Ligand code: A2P
C-alpha cells in the first residue's frame, strides 16, 4: 500500500486502482474498479480526485474513457508537474484508491445527435478520452455506417494511447467485428514530422481530410460531429461547422454536432 492509498482508503467514494500505464512523460491512463450502482452513458464525464491538503477532496472533471458496459472505469490524463491534482494522481499504483463521484454528465452522447450516416469524433490531446468510450459503444455502430476518430497532437508520442485504443477496439469481443468495417482512426501531428501532419481545421478547410479518407465533405444532412479539444480548437471547428449549416445539439434538443472542452489542463 502506498501513501496515496492509506490517505484515501477510508474515504467514501474511493475506488481501487487496478492498472496504470504511462504513455510518455506527460500522459498516462489508469483503470479503476467500478461502483456497482454507477450508471453512465458512453461519452460522459465524472468528477474524480484525491484528498487535498486540508482533507477536502481535490476533484476534477474527467471523461470516462471506457464504455458504459465495461466492468471497470478507464481514464486518460496529462501529468502536470505542479498541477494540484495531476502531480499526485500520476503517482497512483495498483491497490491505491481514487475518489469517484458517481454522478455523470456531458453532451458528447449519441442521444444529443440526430440520426445520420457518419459519426465524426474530432479530438486534440486528451480530448480523445470520451471517444475512447464511444468507439466501444455498440450504438455508435448501430446508428452510423462510418465512425471516424481524428486526433491531433503536437508530438508523435502523444498519439500512442490512440494507437492502443484502436488495437483494443479491433480485438473487442462485443464491437470488434463491426468496428473493423466501420471505424477509422486519423491521427496527425503538428510539431513533429510524422506520416500525417497538420491541424484538423486546416485539413477540413483544404479538403485533404476527405481526400485522404475517400469520404465526402462534411454535410449536415449526413454527417454528425462530436468535438473535444482545447477552447481554441472547439471554437474554430464550431465556426467551420456552422458555416456549413450544422446546428449544435444538446441532451434536450439533438442536433448535428456537439461540443465539449477537454477538461484537465
Ligand atoms: P499546434 O501545434 O499548431 O498549436 P495543445 O497541446 O496546445 O492543446 O494542442 C494540441 C493540438 O491541437 C496541437 O497539435 C495543436 O496544434 C492543435 N490545436 C491547438 N489549437 C488549435 C486550433 N484552434 N485549431 C486547430 N488545432 C489546434
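Read-outs: derived from the displayed coordinates by stated rules, not from any lab. Predicted model, so just to flag it, every value in this text is computed and none were measured. Glycine also receives a Cβ, built like all others from the backbone with ideal geometry; neighbour counts cover every protein chain displayed.
Annotations
- Ascending count of other beta-carbon atoms within 10 Å, so fewest first, for 28, 222: 222, 28
- The stretch 153-265: C-alpha gyration tensor shape, a/c 1.5 cut-off, then a/b vs b/c: rounded
- Relative contact order for the stretch 3-104, counting Cα pairs under 8 Å that sit 6 or more residues apart, in percent: 40
- Computed from Cα atoms, the angle from the helix 160-170 axis to the main principal axis of the chain rounds to 80 degrees.
- CD proxy at 222 nm, helix term only [per DSSP H run n ≥ 4: -39500 (n - 2.57); per residue of the chain; nearest 500]: -6500 deg cm²/dmol
- Segments 151-159, 130-138, 171-179, 99-107 sorted - mean Cβ within 10 Å per residue, highest first: 130-138, 151-159, 99-107, 171-179
- Note on the chain: antiparallel DSSP beta bridges, both residues inside, total approximately 50 percent of the bridges counted.
- Look at 96, 219 and count the other Cβ atoms within 10 Å of each Cβ; fewest to most, that gives 219, 96.
- Mean Cβ neighbour count within 10 Å, used as a protection proxy, ranking 228-239, 63-74 highest first: 63-74, 228-239
- Percentage relative contact order, the chain, counting C-alpha pairs under 8 Å, at least six apart: 20
- On Cα atoms only, tilt of 231-243 relative to the major axis of the chain in degrees: 30
- Taking the number of Cβ atoms within 10 Å of each Cβ as an exposure proxy, the fewest-first ranking of 206, 77 is 206, 77.
- Computed on the Cα atoms alone, the convex hull of the chain gives a volume of 125 cubic angstrom per residue.
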